[in-house]
Amino acid sequence: AVPEPAARPTDVSVLVLEQEGAAYSDVAAVFSDDCRIEQVQDVASAFEMMGRRDFVSVLVDIRSGDTRLLNFCVDLRKNSRFYNIPVMIVADESGIENPDAVLESGATDILTRPFGEDQLRARMEFLVRQQRYRMSMLGVYREARHIMTSDGLTGLYTHGFLLEHLRAQIADAERGPKNLTIGVFDVKGMAVINSKYGYAAGDRLLRQIGGM
């Protein structure tokens, strides 16, 4: 049985991605009493933060149609760790020229200013409840499988999962005209980095490479 999330969850973390140089986000202030808010002002920091902490939702605050922030949704959906996390876009009415294109790029919901706090809170709470259902279902699924599929440091898939998944990919490619490419690379100089800067720095580098 999957436990039902609370009607108004208060033990969750929400990531707020806003434009560089922006003042404290008004949307972040709406949830500051109910959720743990983490604010970042660039896409790289957003992905690094998501690699270190679990967020139930991401809120992207766009003030002037910044395409870098819109492209964040595209990159997020390409990442196997984050592709199902809800992403709400909050923007000025002039900041979104084509809402359909934004939704197709991976955004879950769009809310344009002006709006009331209750409206924003209700929309976000709905997304959070959906995500908490997903997380509960994933927990049940993982317990049933009893297989460790991801590395605890980087979050990348393990060697064992690779071998299991690769057999399925090869079989799929052999069924019919489909190319299969495997890329391999090595991270050089890790021993030197660990010796000079410490293992904490080496671990952070591996997490960043894994995120990329």
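What lysines could a cross-link reach from residue 178, if we take a straight Cα to Cα line under 30 Å and drop same-chain neighbours fewer than 8 places away?
The reachable lysines, counting only those whose Cα sits under 30 Å from residue 178, are 78.
Zone of residue 78 (label point 7 Å along Cα→Cβ, backbone N under 16 Å): which residues in segment 170-212?
183, 209-212
Under the classification rounded if a/c is under 1.5, otherwise prolate if a/b is larger than b/c and oblate if not, where does segment 90-212 fall, given a ≥ b ≥ c as square roots of the Cα gyration tensor eigenvalues?
Verdict is prolate for segment 90-212.
Taking 0.36 nm per intervening residue step and subtracting the Cα-Cα distance, what contour gain separates residue 170 from residue 151 on full extension?
Gain on extension, residue 170 to residue 151, equals 4.5 nm.
Where a Cα-Cα gap under 23 Å defines reach, which lysines qualify for residue 196, not counting those fewer than 8 residues away within the same chain?
Candidates past the 8-residue exclusion: 188.
Starting at the first residue of segment 119-126, write each ³J(HN,Hα) from the Karplus equation 6.51 cos²θ - 1.76 cosθ + 1.60 with θ = phi - 60°, in whole Hz, x for Gly and Pro.
Ordered by residue, 3J(HN,Hα) equals 5, 5, 4, 5, 5, 5, 4, 5 Hz.
Readers should treat all values here as calculations from the given coordinates under stated rules, not as data from a laboratory. What you are looking at is a predicted structure, and each value in this text was computed from that prediction instead of being measured. So basically every Cβ, Gly included, is an ideal-geometry build from the backbone, and we count neighbours across all protein chains shown.
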